1. Just from the alpha-carbon atoms, what are the Rg and Dmax of the range 133-193 in angstroms?
2. Taking a temperature of 25 °C and a viscosity of 0.890 mPa s, what whole-number D in µm²/s does Stokes-Einstein yield for the range 71-126 with Rh from Kirkwood over alpha carbon pairs?
3. Filter the trypsin sites (Lys or Arg not before Pro) in the range 133-193 to those in DSSP coil with at most 11 other Cβ atoms within 10 Å of their Cβ, and list the result.
4. Which FRET efficiency, nearest 0.05, do Ser66 and Glu36 yield, Cβ-Cβ r, R0 22 Å?
5. Over the range 32-133, what relative contact order in percent results from Cα pairs under 8 Å that are six or more residues apart?
6. If you bin every alpha carbon distance in the range 96-159 into 10 Å steps from zero, what whole percent lands in each bin?
7. Calculate, for the range 86-170, the solvent-accessible area per residue in square angstrom, rolling a 1.4 angstrom probe over the heavy atoms of the protein chains.
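The values are calculated or read from the model by the stated rules, or taken from the named source; none is laboratory data. On a predicted model such as this, the values are computed, not experimentally measured, just so you know. A quick note on method: Cβ atoms are made from the backbone with ideal geometry, for glycine too, and the neighbour counts reach across all protein chains shown. The area values use the complete protein model at the heavy-atom level, side chains included, leaving out ligands, DNA and RNA. Shrake-Rupley method; radii C 1.70, N 1.55, O 1.52, S 1.80 Å.
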Amino acid sequence: MELVLLSISNIQTCLILKLENFECFSPFRFQKFVFEEIDFDVDQIIGVKNIKLRDPAELASVAMQSYDPAFASQVKKGDVLVGAMNFGYGHPHYPPMIGMRHLGITAVFAESFSPGYWRGEVAMGFPQIACPGILKFVHRWDEIEVDWIAGQIINHTRGGRLDIEVWSESDRLMIEAGGVLGYLKHIRQEEST
């Protein structure tokens, strides 16, 4: 298995809970990893023996150890995971992605997601972007951009566009608010004004 990371150049305004300008992400680059395994169980990210860990730093330190021992030292803040079909298959445990977010991973792009995993991560405010065909569309070091208005990824290195599955309005607002708690606070504020 190979894991591919993407780096996003301007995370704070584009991805991390501040999606006020939802038109486009800044361009980002592949680092060197992609999950190509269909039905990838995210528990494998930290190993099943570590599933009860709760400390984000400890979870980050064990992330991907069985696949690439240097993984944690190679991740940069703003990196994005790319996965195959049914990414997140299995029990939707939160510790693996808590560890990934602690390392600086800010989103996951995949061919498709396991529904329980997807819903849980969106509820935590962690962007999950379904993009059928992404594994063939992008390669290591490609510069790509997300055009939210067109609902597409643009590959600036190789040319071309690929459709993404656009979030529903409530999912988008949940991501912007940092998860379900922030979303509920936002709704409550709107109702009180």
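1. Over the range 133-193's Cα set, Rg and Dmax evaluate to 16.3, 49 Å.
2. Rounded, D is 213 µm²/s.
3. Arg158
4. Once rounded, the FRET efficiency stands at 0.85.
5. Computed over the range 32-133, the figure is 31 percent.
6. Result, from short to long distances: 19, 47, 31, 3 percent.
7. 42 Å²
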